[in-house]
Amino acid sequence: MTDDLLTVGETYLAAARMALAVWLMLVSAHWIASAGVFGPDGAVPWVRMAGKGVIAGLRRRLPVPLLRLWMAAQMVIAVMLFLSASTLLAMACLLAALVSHGSFLLLGGDYGSSGADKMGMIVLAGTFVGTAGLMTGDDALLLAGCLVSGGQLLICYMVAGLSKLRQPAWRSGAELEGVMAHAIWGAPWAAALLRPRPVAQAASWVLMLGEALFPLALLLPEPWLIAALAAMLGFHIATAIVMRLTLFPWAFAAAYPAVLLLGQVARNAIA
């Protein structure tokens, strides 16, 4: 089992690193383009952000050109991670990405982070631990890394589904219809598709049950687990198109290889 797990894990973690690299490239490019929001005349200037001590001091001393240079360096790390052929180089890139983007999120506070950033950072950490397991031949460490990444994804989906199920507006379809009709996050064509209440209600229930019950997919045969992951990826892509949340598909998809490995372990355990 150890050799099989390490062999399969090597393939899965390589896929995770590539997805993480694409996510990091996109988020770096976003902040290279949008760094001006933190400037003196921007929407959320560093100097006006709440906070005291070291973090506030660093914000005041970080001009926009230096932030863009920082994100450009992070882009280089992402490219190296994507192209990395050795486990040691991959680990170095993952660690550098964790330090770089983690530091940026700390400086940016609530404005600089999103759900995609939180998921991306967790998967970066899990992939780093899993890759360390590959390098040392320690299948327990590999599995621990996959539990961090894949476990977070399963919890995220389940909690999202259960929280929606508790809300009457989601159960009736009104909330989903309202989101699609939102002036900023919605899209007129999507709102039109969901305007008939039975359609909105059916779509809401499919989403809620799919999220809440997703952890059970670990017990399905691998082709069915892949189909379940593909369905969730389709949801993230649709969300990216309609709500312009373009970073979410890559951050969440980076955890999918870990879920596949956990599924294999779970099926073997009950076989």
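The residue pairs whose first member lies in the range 148-161 and is farther than 10 Å from Leu213 by Cα, whose second member is acidic (Asp, Glu) and assigned to a helix (DSSP H, G or I), and whose beta carbons are closer than 8 Å, counting only pairs six or more residues apart or on different chains, are Ala160/Glu211.
Of all residues assigned to the range 204-212, at least one qualifies as being surrounded by fewer than 15 Cβ atoms within 10 Å (Cβ to Cβ) and at negative phi.
Under 23 Å from the mean Cα position of the chain (by Cα), modelled with pLDDT of 95 or more, among the aliphatic types (A, V, I, L, M) and surrounded by 13 or more Cβ atoms within 10 Å (Cβ to Cβ), is that true of Val79? If you could, list the steps in order and put the result at the bottom.
Details: under 23 Å from the mean Cα position of the chain (by Cα): yes; modelled with pLDDT of 95 or more: yes; among the aliphatic types (A, V, I, L, M): yes; surrounded by 13 or more Cβ atoms within 10 Å (Cβ to Cβ): yes.
It is true that Val79 is under 23 Å from the mean Cα position of the chain (by Cα), modelled with pLDDT of 95 or more, among the aliphatic types (A, V, I, L, M) and surrounded by 13 or more Cβ atoms within 10 Å (Cβ to Cβ).
All of Leu176, Leu216, Leu245 fail the test of being under 28 Å from Val148 (Cα atoms) and either without any contact (Cβ under 8 Å) to a residue 60 or more places away in the chain or touching a strand residue (DSSP E or B) at 6+ places or on another chain (Cβ under 8 Å) (or both), apart from Leu216. Among the candidates Ala72, Ala140, Ala85, Ala132, the residue that is surrounded by 16 or more Cβ atoms within 10 Å (Cβ to Cβ), on the phi < 0 side of the Ramachandran plot and either free of Cβ contacts under 8 Å to residues at least 60 places away in the same chain or touching a helix residue (DSSP H, G or I) at 6+ places or on another chain (Cβ under 6 Å) (or both) is uniquely Ala132.
One residue stands out among those in the range 16-59 that are in contact with a Phe, Trp or Tyr (Cβ under 6 Å, 6 or more places away or on another chain) and over 30 Å from Leu262 (Cα atoms): the one that is modelled with the highest pLDDT, which is Phe38.
The values are calculated or read from the model by the stated rules, or taken from the named source; none is laboratory data. Not measured: the values here are computed from a predicted model. Ideal geometry is used to build each Cβ from the backbone, glycine not excepted, and the neighbour counts take in all protein chains shown.
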